[in-house]
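Working notes, structure below.
The values are calculated or read from the model by the stated rules, or taken from the named source; none is laboratory data. In this text the structure is predicted, and so the values were computed from the model without any measurement. Glycine also receives a Cβ, built like all others from the backbone with ideal geometry; neighbour counts cover every protein chain displayed. The area values use the complete protein model at the heavy-atom level, side chains included, leaving out ligands, DNA and RNA. Shrake-Rupley method; radii C 1.70, N 1.55, O 1.52, S 1.80 Å.
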Amino acid sequence: MSAKIPVLVVGGSANALGVLRSLTHCELHLLCDSEQAPAWHSRWGQKHRSADTKAPTVVDELIQLAARFSGNKPVLLLTEEKTVVQVSAARERLAPFYHFVFCDAAMLLALQSKSGFQQLANEVGAAIPQGRILSQLADLALIDDLNYPCVFKPLEQNEAYSRQFKKAYKVSSAAEVASLYPAIAAVMPQMIVQEWLEGADSDIYFCLAYFDAKGQLLSSFTGRKLRSWPLQVGGTASCTAAPEAATELTEKTVKFCQAIGYVGQMGMEFKFDAQRGGFYMIEPTVGRTDYQHEIATLAGSNVLAAMVASLAGQSIAHATAPQHAFSKKVVWYDEIADANALANGGPNVLCLDYQRVAAVWRWSDPTPGLMSFWRRLKRKLS
């Protein structure tokens, strides 16, 4: 019997929790900066504290932690966008200690930026809604020629912005953007106004893929959202497998990645535009896991296991099987976000014969759910 592959997961959110639960056959470790995080309370993985997994200091912490693996080089899995930036900048320092695959550093930064992604997509002729970047009030003159409605959102994640404003705004005119932007610009001037694609939240699909260092697709999974929160502009509240779209969206993802020379983890989000009658790329997640990654595992297509095996130099023969051959009828849902979406008029997509699996609560791993419930209860009581 071969030894378990050592894996270090960085982060503590429900994203990281899903990664731990997808890789229980591995020797798991978690580097996390909060003992309140869901993944910290999982039964899976040895826990290690970080001062801040998003700060440059995480690189030194990773190098120090590597000594605990006794020369057995672990696979490194990241779950947070800012951690990807830090690790990418120090990839030469970390390469002797961990298995990971990143694309070119400049490309990775471009793909993390909405403006950079749009430029790359336009260069290779990929279908993407058009948009304009705002950096200052004078740039409002650039948005008059867009087809409205549009979505108005920040170019990158920003904590100060998130505390004061919505994740994104659906705007009906350039005048509406002009009314919102002055207050936002004082906190987060880098914004994008992008043409809105018509369709429900359940028309949003995603392709999770892993390309090895040679650019070869080694594993993939296609799913679709059922609900988002906040409605129409938010993150995944619930999702399921989408084998009916797997061939088309995998081909689109591969074509884009090969055209730009991308390697590593890719999560490409698409939306089916009811008016135009086709799929359009919305945004990628690069160098890290997506919040939706666990639905692939639950549906029978463990793309993370295939990636870990590849990075560790083991066989991944099972990863090449057709998705429809082993997809199970299952819905993954964020307990709070999905309840909010339904309560506020989110699409009640019927999946009556599907198993429903919560993002945090599990009988097989109950402590994250119990701690989450206890914290919510304390907030209500106070």
Quiz prompt | Probe 1.4 Å, accessible area per residue of the chain, Å² | solution = 44
Quiz prompt | Residues in the stretch 144-166 that a label on residue 55 would reach, taking backbone N under 17 Å of a point 7 Å out along Cα→Cβ | solution = 159-160
Practice problem: Report, in deg cm²/dmol and to the nearest 500, the calculated mean residue ellipticity at 222 nm for the chain, where each DSSP H run with n ≥ 4 adds -39500 (n - 2.57) and the sum is divided by the residue count. | Solution: -9000 deg cm²/dmol
Exercise. Sum up the charges of everything whose Cβ sits under 13 Å from the Cβ of residue 232, counting Lys and Arg as +1 and Asp and Glu as -1, but leave residue 232 out.
Key: +4
Exercise. Over the stretch 71-181, with every protein chain in place, what whole percent of the accessible area is carbon and sulfur at 1.4 Å, could you tell me?
Key: 51
Quiz item: Where the accessible area of the stretch 232-382 is counted over protein heavy atoms with a 1.4 Å probe, how much of it, in %, is carbon and sulfur?
Solution: 55
Quiz item: Toward the positive end of the charge dipole of the stretch 172-228, about the Cα centre and with charges on Cβ (Lys, Arg +1; Asp, Glu -1), which of 189, 211, 199 goes farthest?
Solution: 211
Practice problem: Against the globular-protein guess of 2.2 N^0.38 Å, express the Cα radius of gyration of the stretch 27-87 as a ratio, rounded to two decimals. | Solution: 1.08
Practice problem: Just the Kirkwood number for the chain, please: inverse of mean 1/r across all distinct Cα pairs, in Å, one decimal. | Solution: 21.6
Quiz item: If Lys and Arg each add +1 and Asp and Glu each add -1, what is the summed charge of the other residues whose beta carbon sits under 12 Å from the beta carbon of residue 264?
Solution: +1
Exercise. May I ask which residue of 46, 64, 11 lies farthest towards the positive end of the charge dipole of the stretch 1-64, with charges of +1 (Lys, Arg) and -1 (Asp, Glu) on Cβ and the Cα centre as origin?
Key: 46
Quiz item: Got a sec? Which residues in the stretch 77-95 would a label at residue 213 touch, if it sits 7 Å along Cα→Cβ and we count backbone N under 16 Å?
Solution: 91-95
Practice problem: Once you have the Cα-Cα distance between residue 342 and residue 244, take 0.36 nm times their residue separation minus that, and quote the gain in nm to one decimal. | Solution: 32.8 nm
Quiz item: What accessible surface, in Å², does a 1.4 Å probe find on residue 188, ignoring ligands, DNA and RNA and rounding to the nearest 10?
Solution: 10
Quiz item: Taking the Cβ of residue 127 as the center, what net charge do the other residues with Cβ under 14 Å away carry, scoring Lys and Arg +1 and Asp and Glu -1?
Solution: -3
Practice problem: Pop the C-beta distance of residue 164 and residue 70 into the FRET formula with R0 = 51 Å and round what comes out to the nearest 0.05. | Solution: 0.60
Quiz prompt | the stretch 177-247: trypsin sites (Lys or Arg not before Pro) in DSSP loop, at most 15 other beta carbons within 10 Å | solution = 214
Quiz prompt | For the stretch 205-357, diffusion coefficient by Stokes-Einstein and Kirkwood Rh (Cα), 20 °C, 1.002 mPa s, µm²/s | solution = 135
Self-check item: Among the listed pairs 214/328; 114/271; 47/255; 271/329; 225/328; 153/271, those beyond 27 Å (Cα-Cα)
Solution: 214/328; 47/255
Quiz item: List the GluC sites (Glu not before Pro) in the stretch 212-308 that DSSP assigns to loop (not H, G, I, E or B) and whose Cβ has at most 15 other Cβ atoms within 10 Å. Which are they?
Solution: none
